[in-house]
Protein chains: 4
Amino acid sequence: MNLNDAIQECWDKIDEGQVATYIPGLAKVDPYQLGVYLFDVANDKRCQAGASRVRFAIESVSKVITLLYAIERLGLTAVEAQVGTRQTGFPFDTILNMEITKETHPLNAFINSGAILISSLIEEEDGQSPFEQILNFTREICNDPEITLDDGIYQSELRTGDMNRSLAYYLKAKGALNNDVTTSLDTYFKQCSMMVTCESLANLGAVLANDGIAPWNGERIISSAAATYTKSVMMTTGLYNESGTYSVKIGVPTKSGVGGGLVAAAPNHYGIGIFSPALDHAGNSVAGLALLELISKELKLSIFKY
Amino acid sequence: MNLNDAIQECWDKIDEGQVATYIPGLAKVDPYQLGVYLFDVANDKRCQAGASRVRFAIESVSKVITLLYAIERLGLTAVEAQVGTRQTGFPFDTILNMEITKETHPLNAFINSGAILISSLIEEEDGQSPFEQILNFTREICNDPEITLDDGIYQSELRTGDMNRSLAYYLKAKGALNNDVTTSLDTYFKQCSMMVTCESLANLGAVLANDGIAPWNGERIISSAAATYTKSVMMTTGLYNESGTYSVKIGVPTKSGVGGGLVAAAPNHYGIGIFSPALDHAGNSVAGLALLELISKELKLSIFKY
Amino acid sequence: MNLNDAIQECWDKIDEGQVATYIPGLAKVDPYQLGVYLFDVANDKRCQAGASRVRFAIESVSKVITLLYAIERLGLTAVEAQVGTRQTGFPFDTILNMEITKETHPLNAFINSGAILISSLIEEEDGQSPFEQILNFTREICNDPEITLDDGIYQSELRTGDMNRSLAYYLKAKGALNNDVTTSLDTYFKQCSMMVTCESLANLGAVLANDGIAPWNGERIISSAAATYTKSVMMTTGLYNESGTYSVKIGVPTKSGVGGGLVAAAPNHYGIGIFSPALDHAGNSVAGLALLELISKELKLSIFKY
Amino acid sequence: MNLNDAIQECWDKIDEGQVATYIPGLAKVDPYQLGVYLFDVANDKRCQAGASRVRFAIESVSKVITLLYAIERLGLTAVEAQVGTRQTGFPFDTILNMEITKETHPLNAFINSGAILISSLIEEEDGQSPFEQILNFTREICNDPEITLDDGIYQSELRTGDMNRSLAYYLKAKGALNNDVTTSLDTYFKQCSMMVTCESLANLGAVLANDGIAPWNGERIISSAAATYTKSVMMTTGLYNESGTYSVKIGVPTKSGVGGGLVAAAPNHYGIGIFSPALDHAGNSVAGLALLELISKELKLSIFKY
């Protein structure tokens, strides 16, 4: 497929969305950007088009990475004891389900409460702070040593993070979060502020698609079980309360971020990174998802069909 | 794999569950039953073990069939306008999400409200009542002309169906259900009372796995789009609020019924029918899901890994 | 105070409300009506102004009467075992609280679910249907033998009563409602369709204000305990989820109906009946409540102050 | 009435409750205490019995005082713009209602979110911190210059205040709380840690009962409107989600605290302070409420009857 044509075809979708405004650092981003990077794992081919080299805030896509890192550090069983793999039916920052169901642990790792809890599980080690470990792991799994924290985004997160603070103290009060709240939140705000490109995310997706092995050097970065678990969670909760909607349309495990990024992992086929900052009402990249749907159809990626 | 060994391995799981007691007709069923029927679509092979020939009430597995029939009659677009593909985070008979989110349509086709709405979409045609049409379609897609309504189960459903009546009138009040409530409920109660075997459900799963074409005669029964759509919805909501949990463990689109039945469809590989009537707290067959997990691992069926 | 001046002062409030449209029989009512009837129990004086002789549908004000009748027939303890005296924080036809708190009984007698349950408690007796008994009791406590059922309103209720049907079946499913659903709903729909005047409601309020004794003949109609209980419930839940709001503003136990009626009972002082059919968003008479607030201030009726 | 007999009669109720355990400073309190102080405003008489001179943590009873102080400083209209007078139907520390109804302001001033918001409204003035002002006002309205902050309780509040922190950040995120979260919470934690006696609370109740005028010196401390407003809010929400229950049983505006204190204000009749630290499931003093019910019946205090 011609990626430039695909971008052209989805371009007008940008007008249906809006750049995230509640985080000042994101509100300044030019909405008229759309980029894609495809990593064909089976054939070791890569191609890209559009704004594929632009750096943007990883935001919630970092939840995939921290989840994988927590599984590597603590084991899958320990992580599964901390967060569920159930959907919420509500927006990403709600605690309605926990309040209503009287659960003491977040329903899944990709709503904010679950992601903050996962971040809180990473302990300082060998003098490395939790965030430093996450940053190093991100650089490794994204095969991108240039990933750094953007201080402007981080300061934005700090200034506008009150709902996340509310969620963290809620978890603390319920006995779910056992580490220091401020430190856990700081780790979370920082991991959201890492700057990535479509290529970084395509590499992440490629590792997931390739059963945990980095296709660029054949080394295993994460366990097969971690890769499978995470792809499943991406399918059922990766696009917030619209996960089911896009499961039907796209059929590829995907995670979005309010920075406009998308990572998708078509098992044994493709890792895909997409960037377009205008978001739909649920916080997902509008043009990005349209492009991913097109790619999924062209390349026959839906795991429910092929 | 040796299916008899697999059944043996999962047998003790029966003790962790309980036969559905809220429907008198189901409460009488012997819990110590476990059967399976595998239809290897790719190689056109079939095998079975255990209580694979026992007839049992299809219950919520019928939701898959009625959804497919509604799509065939009305088109996917019309059906998608009536129910979502979003998860609820709550039990199958709740209306919490609709109340809280102020949605006027059910979140998905597999919670009871959504299934009742789908049943209400089937109109009398050529003198055939909605249920007669559904029964005929069930016989066709299950390749089982001996499927009939069990009057004892149906009477049980009628006697204990007050929550379903509440849901139906709720949908009527919100303007979502436009047909007669009593007729729609009667169709729904009857479709739940059809008696099937593991083989019937394996055939249903095989059609779904085979992109809509009956592998036993090569004829298309449902469209490719309907098959893909339905497998996706089965993955994200087929096992009620535990769908995410089993998505991680099993990784195969599956739908359960409180009669103890399970249908699973591994795209392009297998249609699977399982029966074991003891249920977990969410209403899913305990030993049945354990067996399906084992089969998925042995036959490498997880769509998130293979 | 001059009641005509008071009506004049509140007249413009009518424009802030709207006649109930979801019940066709009510939608036809002229919104530009405002009437009041004051029964000074302490001094045995009565006065009226405006549309005080117009008959209108009693609607939810009947919940007060049926509650009193149920207490008289079954005793306060039996009734208290069936419904709570807790507020909901939600609109009158919601079941959110029961769903969330897993209570099996309605939170109070004045939300629809609670009122339907109370109506279901009245059994046929001496060949008199539940509604006939309620009608007779209404005529007695309102000192108005001309109260009859309006068939147009009743047919309207039947046609638009699906949410009430949903609530009734919900209660049946939870084991709270033990009588026949259809009969209970029919009683409820009929009691809502009785036609009263401001004077009827002022008499009802006067009995409540006078500790259960009819001031017009000195005979006890209800027990002192029933009168006190009901006035308290009127204060905390009589104006739906705005009960607290008006408790602050008015400070007199009051119950509203979507027909535009209000009954208020200032203990040992006044029974008040008011009618004005334009409603606020919560279903309360806008001009009626404004008038009641004015009267409460003028006559020094707030039980929190005087 | 003989207060010692009344205490004797209610003593066994203590065994039905439990001392608050979630705040370490309260868990150490001896549950077997019951004290009462009655201030007969009309006749200027006072009497007391039992543990009426024991100092205990004021906890949520302080919400009454801070509400009154905020009204005095900012005016009733300003305060009414910040919190509602609606009930929640849920426990005191929930945010379910705000989440479900999408309100941005707390439903009332006596759930924790509302009380924290009220505390946040008090600004530093003339070099006095918000808490110093509240402490001074408490000493004045309780006519008790010996009220001080108990540092042990305060430290307990700080250590166990995570749910309150969650609520405060939630309010901040929704734009309801405009001051510094940490300062506001500190004020709130401190106001909860003031040590009072039954006499202090009876004096507070006496001011409320006496339309805002201190009966001990005839000086107005709060406006008549503030007194009426607050008594009304006490009636509808003073005993958390059991307010309606006790409205029926007791019929006197009352506010409880988890320290075991109760303040009641029978308009124009009595101010009452009660202390007994064993609490019911909703956080109200068990023996204290039993005693208040007895006193209300004996002294004919129910505002719905007398």
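The values are calculated or read from the model by the stated rules, or taken from the named source; none is laboratory data. What you see is a predicted model, and the numbers here were worked out from it, not measured in a lab. Counting neighbours? That spans all protein chains shown, and the Cβs are built from the backbone with ideal geometry, glycine included. Accessible surface areas use protein heavy atoms only, side chains included; no ligands, DNA or RNA. Shrake-Rupley method; radii C 1.70, N 1.55, O 1.52, S 1.80 Å.
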**Study point:** Options C:Thr197, C:Asn143, C:Ala81, ranked by Cα towards positive dipole end of chain C, top entry (Cβ charges)
**Key:** C:Ala81
Review point. For chain B, what is the relative contact order in percent, using Cα pairs closer than 8 Å and at least 6 residues apart in sequence?
Key: 28 percent
Study note, to complete from the structure: Comparing A:Leu158, A:Leu291, A:Leu68 in a Gaussian network model of chain A (Cα, 10 Å), the one with the largest mean-square fluctuation is A:Leu158
Check your understanding: To one decimal in nm, how far is C:Asn268 from the same spot in the other copies, if labels go 7 Å from Cα toward Cβ? Please give the shortest first.
Key -> 0.8, 8.6, 8.6
Review point. Relative contact order for the stretch C:60-192: what is it in percent, counting Cα pairs under 8 Å that are at least 6 residues apart?
Key: 30 percent
Review point. What are the distances, in nm and sorted shortest first, from the label point of A:Gly75 to the label points of the same position in each other copy, with each label point placed 7 Å from Cα along the Cα-to-Cβ direction?
Key: 5.5, 6.0, 6.5
Study note, to complete from the structure: For the protein assembly as shown, using Cα atoms only, the Rg and Dmax in Å read 32.8, 99
Review point. Under the Karplus relation 6.51 cos²θ - 1.76 cosθ + 1.60, θ = phi - 60°, what is the ordered set of whole-Hz ³J(HN,Hα) values for the stretch B:126-137, x standing for Gly and Pro?
Key: 6, x, 8, 5, x, 5, 4, 4, 5, 4, 4, 5
Exercise for review: At q = 0.11, 0.12, 0.15 Å⁻¹, what is the base-10 log of I(q)/I(0) for chain B according to the Debye formula with one equal point scatterer per Cα and no solvent? Please give it to two decimals.
Suggested key: -0.58, -0.69, -1.14
Check your understanding: How many nanometers, to one decimal and shortest first, lie between the label point of D:Ser129 and those of its other copies, if labels sit 7 Å from Cα toward Cβ?
Key -> 2.9, 7.0, 7.6
Review point. If you put +1 on each Lys and Arg Cβ and -1 on each Asp and Glu Cβ, how big is the dipole of the protein assembly as shown around its Cα centre, in Debye rounded to 20?
Key: 0 debye
Review point. Between chain B and chain D, with a rotation axis joining them, whose C-beta in B is nearest that axis, and what is the whole-Å distance?
Key: B:Ile100, 3
Revision key, fill the gap. One finds the C-alpha centres of the stretch A:153-172 and the stretch B:272-286 to be spaced, in Å, by 41 Å
Review point. Going out from 0 in 5 Å bins, what whole percent of all Cα-Cα distances in the stretch D:10-111 drops into each bin?
Key: 2, 9, 13, 15, 15, 16, 16, 10, 4, 1
Point to revise | Mean ellipticity per residue at 222 nm, deg cm²/dmol - from DSSP H runs of n ≥ 4 across chain D, formula -39500 (n - 2.57) | key: -13500 deg cm²/dmol
Review point. Using the alpha-carbon centroid of each, what span in Å lies between the stretch D:179-238 and the stretch C:77-120?
Key: 32 Å
Review point. Tell me, what ³J(HN,Hα) does each residue in the stretch D:178-195 have, in order and in whole Hz, if you take phi through Karplus 6.51 cos²θ - 1.76 cosθ + 1.60 with θ = phi - 60° and put x for Gly and Pro?
Key: 9, 8, 5, 5, 5, 4, 4, 5, 5, 4, 5, 4, 5, 5, 6, 9, 6, 9
Review point. Relative contact order for the stretch B:210-263 using alpha-carbon pairs under 8 Å, separation at least 6, rounded to a whole percent?
Key: 23 percent
Study note, to complete from the structure: In terms of the charge dipole of the stretch B:135-269, which places +1 on Lys and Arg and -1 on Asp and Glu at the beta carbon, the residue among B:Thr160, B:Tyr246, B:Ile222 farthest towards the positive end is B:Tyr246
Exercise for review: Enumerate the aspartates and glutamates that B:Lys305 could reach by cross-link, defined here as Cα to Cα under 15 Å, with residues fewer than 8 away along the same chain left out.
Suggested key: A:Asp211, B:Glu293
Exercise for review: May I ask you to give the solvent-accessible area per residue for the stretch A:60-192, in square angstrom, as obtained with a 1.4 angstrom probe?
Suggested key: 34 Å²
Exercise for review: With only Lys, Arg, Asp and Glu charged, each at its Cβ (+1 for the first two, -1 for the last two), find how big the charge dipole of the stretch D:106-219 is about the Cα centre; round to the nearest 20 debye.
Suggested key: 620 debye
Review point. Can you pull the mean other chain C-beta count within 10 Å for peptide A:296-304?
Key: 3
Exercise for review: Ignoring everything but the protein chains, give the 1.4 Å probe accessible area of C:Cys10 in square angstrom, nearest 10.
Suggested key: 10 Å²
Exercise for review: Note down the magnitude of the dipole of the stretch A:37-120 about its Cα centre, charges +1 on Lys and Arg C-beta and -1 on Asp and Glu C-beta and zero elsewhere, to the nearest 20 debye.
Suggested key: 280 debye
**Study point:** Over 29 Å (Cα to Cα) - which of A:Lys63/B:Lys174; A:Lys300/B:Lys255; C:Lys172/D:Lys231; A:Lys13/B:Lys102; A:Lys63/A:Lys297; C:Lys190/C:Lys300 fall in this group
**Key:** A:Lys63/B:Lys174; C:Lys172/D:Lys231; C:Lys190/C:Lys300
Check your understanding: Bin by bin, in steps of 10 Å, what percent of the Cα pairs in the stretch A:60-192 do you find, going until the bin that has the longest distance?
Key -> 13, 46, 34, 7, 0
Check your understanding: Between B:Ile213 and residues 5 or more places away or on another chain, which pairs have amide H atoms under 5 Å apart, with H built 1.01 Å from N, and which residues are they?
Key -> B:Ile221
